[in-house]
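The values are calculated or read from the model by the stated rules, or taken from the named source; none is laboratory data. All values derive from a computational prediction rather than experimental measurement. Because the Cβ atoms are built from the backbone with ideal geometry, glycine has one as well, and the counts that use them run over all protein chains shown.
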Amino acid sequence: MRSVLVYSRSGCHLCEDAVRTLNELATQVDFELAEKLIDGNPELEYKYGEQVPVILIDGKVHDFFRVDPKRFLRAISE
């Protein structure tokens, strides 16, 4: 099963939107979804800072800020 990780921050409305969209897409395609807050993690805050949400598929960065459903479904199906 493919894994999807979303790096996010507390109170980030774009992060909430991304997770909501991914949960909706999970009804169409099978993948494991996890969310990790970067708050308080100096390494992740330095790496991703204001680019959240960051969406990773199987550990590789797929996208930043928003989820494009068509692009995501294409990538997760490869």
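Taking region 41-78 as the region of interest, how many residues are part of a loop (DSSP other than H, G, I, E, B), in contact (Cβ under 8 Å) with a residue 12 or more places away in the chain and over 10 Å from the mean Cα position of the chain (by Cα)?
2
Which of (1) touching a strand residue (DSSP E or B) at 6+ places or on another chain (Cβ under 9 Å); (2) on the phi < 0 side of the Ramachandran plot; (3) not acidic (Asp, Glu) does LYS70 not meet, given it meets every other one?
Condition (1) is where LYS70 drops out.
Just give me the residues in region 30-40 being part of a loop (DSSP other than H, G, I, E, B) and touching a Phe, Trp or Tyr at 6+ places or on another chain (Cβ under 9 Å), in sequence order.
Matches in region 30-40: ILE38 only.
Within region 22-78, track down each residue that is of a type in the set (Val, Ile, Thr), surrounded by 17 or more Cβ atoms within 10 Å (Cβ to Cβ) and either farther than 18 Å from SER10 by Cβ or modelled with pLDDT under 95 (or both). Before the answer, list the steps.
First pass over region 22-78, keeping only residues of a type in the set (Val, Ile, Thr): 27, 29, 38, 52, 54-55, 57, 61, 67, 76.
Adding the requirement that they be surrounded by 17 or more Cβ atoms within 10 Å (Cβ to Cβ) leaves 38, 52, 54-55, 57, 67, 76.
Scanning region 22-78 gives ILE57, VAL67, ILE76.
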